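The values are calculated or read from the model by the stated rules, or taken from the named source; none is laboratory data. Just so it is clear, the structure is predicted and the values come from calculations on it, not from any experiment. Reconstructed Cβ throughout: ideal geometry from the backbone, glycine too, with neighbour counts over all protein chains shown.
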Amino acid sequence: MSDALDTPLFDPPAYRLTHEQADLIARARKLGAERFAPRAAQYDRDASFPTENYRDLRDAGLLGFCIPRQHGGLGAGYLTYSLAAAEIARSCGATALTWNMHVCSTLWTGALADDLQMDATTRAEHERRRALHFRRIVADGAIYAQPFSEGNASAVGAIPFGTVARPVDGGWSVTGRKVFASLSGHADYYGVLCTERANDETASRRNTLYVAIPAAAQGVAVVGDWDPLGMRGTVSRTLEFSDVFVERDAALMPRGMYFQAASRWPHMFLTLSPTYLGLAQAAYDFTARYLRGGRRSSVVKQLAVAEMRIKLEQAKTLWFQAVSEAHVDPTPEQRLRAYAAQYTTMETANDLARLAIRTCGGHSMLKSLPLERIYRDSRCGSLMAPWTAEVCLERIGHGSLYNEGETDE
Ligand SMILES: Cc1cc2nc3c(=O)[nH]c(=O)nc-3n(C[C@H](O)[C@H](O)[C@H](O)COP(=O)(O)OP(=O)(O)OC[C@H]3O[C@@H](n4cnc5c(N)ncnc54)[C@H](O)[C@@H]3O)c2cc1C
């Protein structure tokens, strides 16, 4: 029997992947298993950013994973990205989660923006701006972060972002504060969501602006410490922006497009889930390998592994279906399935890590083994905005009982 990490999380023929998809995903898996896995414990212990891993991602071309080929990237689509991110997470959750923030800045401005409605002038302007942004990544190895959260209801889409972009000559002046900004102090650009608002304008979610703020810009500060339970290598400290001037070409999406994307392309928010699916697989892999090393004869252990495998297969099947149907204007059923997949993945990852510790026993909790890190990292999944566990439950419940726009009035 081969080592579990030698086999893909999703067997390409069984899941009908193309050779090209399988090859791109295999590159990510190889990098994870050979380079990231041996370094993961140290980043976790020090709560330090995986800088060496990012050097490897850059050298392997994986910073441009979802950048279209005509712009020098690898041209991977949503599904291929999701499977590759899950493979990386099997080796290092923090690297996968931060890679997600970076890759989304290219996926959203790339393939996803292609599906949105824009007039010809706006489309041409977006094309010119995203070319600048892609070039920075492909040619200069620039790293992007995605700091959206502000510690209020804006990240879940309930209120406008409190970070404000005031129009000024040649661009905007941005002021605000973002919490849990993964890659803070290590990204070259912060892809910030803010509310574009002239002095007399009321804040509206329709005016959400997605803009790349250079980390070196005047008025940008990384503050606070970082010593969390899990996902320690993400280095998600607080970012403060004080009257930061940002030029017009820094817009990652044209005016109004983020709002359109959030409404019409909901799977854009499912991209945190691959990390946690990879962690679920990692918890299972660990258990199978650990028990095979001399502790497998007990029927009790065999039943526990069976329970884990069933939960894993359930999560994988639902998740694969949901990421396969990511596209513009999904049906109400597909939307609800995406929430269900997010909820299931986030909850299953931590549940499997819990079962893995119970099944393997005391030794599996030692810091010298990866399971206790997987347990801590996986706990963060259901907290991730905008699709936290509670938000998913609320939307699934409401969407199952009411049609769109329907009320009891
Ligand atoms: C390791 C880590 C890395 C992160 N990286 C990033 C990042 O790179 N970028 C980024 O933008 N954010 C990031 N986050 C932040 C994350 O997405 C959440 O925004 C954050 O965890 C919310 O914390 P809070 O204390 O403000 O909780 P709250 O927002 O107060 O949430 C507490 C609970 O209330 C529920 N809740 C909140 N609002 C609603 C609502 N309107 N409806 C229903 N339920 C609701 C939530 O489900 C949640 O369980 C990261 C978080 C962690 C832990």
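A few notes on this one:
- The residue that is surrounded by the most Cβ atoms within 10 Å (Cβ to Cβ), counting only those in the stretch 32-68 that are assigned to a helix (DSSP H, G or I) and small (Gly, Ala, Ser), is Gly32.
- Screening Thr345, Thr317 for residues that are under 14 Å from Gln281 (Cα atoms), touching a Phe, Trp or Tyr at 6+ places or on another chain (Cβ under 7 Å) and among the hydroxyl-bearing types (Ser, Thr, Tyr) leaves exactly one candidate, Thr345.
- Close Cβ contacts (under 7 Å, 6 or more residues apart or on different chains) running from residues in the stretch 2-13 that are at pLDDT 70 or above to residues that are among the aromatic types (Phe, Trp, Tyr) comprise Phe10/Phe320.
- Flag if Val179 is out of contact with any Ser or Thr (no Cβ under 9 Å at 6 or more places or on another chain), at negative phi and not in a loop (DSSP other than H, G, I, E, B): no
- The stretch 182-198 - residue that is assigned to a loop (DSSP other than H, G, I, E, B) and over 16 Å from the mean Cα position of the chain (by Cα) and, of those, farthest from the ligand (Cβ to nearest atom): Ala198
- Filtered by the rule that a residue be near the ligand (Cβ under 6 Å from one of its atoms), outside the structural domain of Phe241 (by TED's automatic domain parsing) and not polar (S, T, N, Q), the stretch 148-180 gives Phe148, Gly151, Ala153, Ala155, Val156, Ala158.
- Out of Glu307, Glu313, Glu372, one residue alone is assigned to a helix (DSSP H, G or I), away from the ligand (no atom under 16 Å from the Cβ), more than 23 Å from the chain's Cα centre (by Cα) and surrounded by fewer than 22 Cβ atoms within 10 Å (Cβ to Cβ). It is Glu307.
- Filter result (in contact with a Leu (Cβ under 9 Å, 6 or more places away or on another chain) and assigned to a helix (DSSP H, G or I)) within the stretch 127-171: Arg129, Arg130, His133, Ile137, Val138
- Count of residues meeting criterion [modelled with pLDDT of 95 or more and of a type in the set (Gly, Ala, Ser)] in the stretch 363-380: 1
Results for (1) outside the structural domain of Leu107 (by TED's automatic domain parsing); (2) away from the ligand (no atom under 16 Å from the Cβ); (3) within 25 Å of Ala261 (Cα to Cα); (4) among the β-branched types (Val, Ile, Thr), shown as yes or no for each residue.
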residue: Glu333; (1), (2), (3), (4): yes, yes, yes, no
residue: Glu347; (1), (2), (3), (4): yes, no, no, no
residue: Ile396; (1), (2), (3), (4): yes, no, yes, yes
residue: Glu409; (1), (2), (3), (4): yes, yes, no, no
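- Any hit, the stretch 318-325, residues being in a loop (DSSP other than H, G, I, E, B) and in contact (Cβ under 8 Å) with a residue 12 or more places away in the chain: yes
- Pairs linking a residue in the stretch 360-384 that is within 28 Å of Ala153 (Cα to Cα) to a residue that is β-branched (Val, Ile, Thr) and away from the ligand (no atom under 16 Å from the Cβ), with Cβ atoms under 8 Å and 6 or more positions apart or on different chains, are Tyr375/Ile357.
Residues checked against (1) over 30 Å from Pro332 (Cβ atoms); (2) outside the structural domain of Ile88 (by TED's automatic domain parsing); (3) in contact (Cβ under 8 Å) with a residue 12 or more places away in the chain; (4) under 25 Å from the mean Cα position of the chain (by Cα):
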position: Val222; (1), (2), (3), (4): yes, yes, yes, yes
position: Asp227; (1), (2), (3), (4): yes, yes, yes, yes
position: Thr234; (1), (2), (3), (4): yes, yes, yes, yes
position: Pro274; (1), (2), (3), (4): no, yes, yes, yes
position: Ala282; (1), (2), (3), (4): yes, yes, yes, yes
position: Thr287; (1), (2), (3), (4): yes, yes, yes, no
position: Gly294; (1), (2), (3), (4): yes, yes, no, no
position: Val300; (1), (2), (3), (4): yes, yes, no, no
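- Subset of the stretch 216-240 that is within 14 Å of the ligand (Cβ to nearest atom) and either assigned to a strand (DSSP E or B) or small (Gly, Ala, Ser) (or both) - its residue that is farthest from Pro167 (Cα to Cα): Gly230
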